[in-house]
Amino acid sequence: MARGCGNPIVCRVITILIVAAAVVMSCLTIRSCDFVKTSAGKSIGLFAHYSGDQCVITDTEMGNPYGWLQTWSRICAIIAPVFGAVVVLMILVEFCCEICCWSLFRSLFLSGAEISQAFTFVLYGSPACATTSFNESFTDLMLGGCQFSTGSLFSIIAFGLYLIAGFFLCFSPKQKPLCKKDAEEAKPAEVKKEEEKPNDVEAGGAAGDDGGVKAQVY
């Protein structure tokens, strides 16, 4: 992948676009009113649901009618885009300056976004998708009696984009920060003067030694 993306700046720009797209998908997951469809035909989102033909935000009085797994899904759904936005910000900071262990923290945040996005699917294990029938198909049993819907599709796309961005960050070449480039461009004139002096002394000494040898020969 690094060979296919030889320019470090291009690689980072592509990574930023991928993570930004993942954040958008994560936000769409949160806004979706149909993350799952129950066996009764009811569409349920993480924070909203359909009441008739209208998408209604689940009010605080209802709380989490489907237990702690719904709460877990909601928390993870919020953490994922927040961590994704932090990753974008950290990559932008990398363009300007170099910070110790920055790549480590960036990778941790990206992994956290990816894992959190995956955990949004624990909603399929909540009472909303509970099934008591022993005649369900394997797919129905794996999904807990619910069917995939638009919100789940958004979440899957977001997870895949976070995963792809992680590969780009791991295998793409690292660009030099702008501050480091400026420092390197300012050095050469001074460095050359300092490096030329020892070479002149050594050259003079070598010439003197040669002259001394020749004098002794003659």
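The values are calculated or read from the model by the stated rules, or taken from the named source; none is laboratory data. Bear in mind the structure is a predicted one, so any value in this text is a computation, not a measurement. Cβ coordinates were reconstructed from backbone atoms using ideal geometry, including for glycine residues, and neighbour counts include every protein chain displayed. Accessible surface is based on the protein model in full, side chains and every heavy atom, while ligands, DNA and RNA are left aside. Shrake-Rupley method; radii C 1.70, N 1.55, O 1.52, S 1.80 Å.
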Handout entry: Search result, residues across region 162-174 that are open to solvent by 40 Å² or more (accessible area, probe 1.4 Å) and either among the hydrophobic types (A, V, I, L, M, F, W, C) or within 14 Å of Ala20 (Cα to Cα) (or both)
Key = Leu163, Ile164, Phe167, Cys170, Phe171
Problem - Tally of residues being in contact (Cβ under 8 Å) with a residue 40 or more places away in the chain and open to solvent by 70 Å² or more (accessible area, probe 1.4 Å) across region 90-113 - result: 3
Practice task
Considering only region 7-25, state which residues are over 12 Å from Ala85 (Cβ atoms) and assigned to a helix (DSSP H, G or I).
Solution key: Pro8, Ile9, Val10, Cys11, Arg12, Val13, Ile14, Thr15, Leu17, Ile18, Ala21, Met25
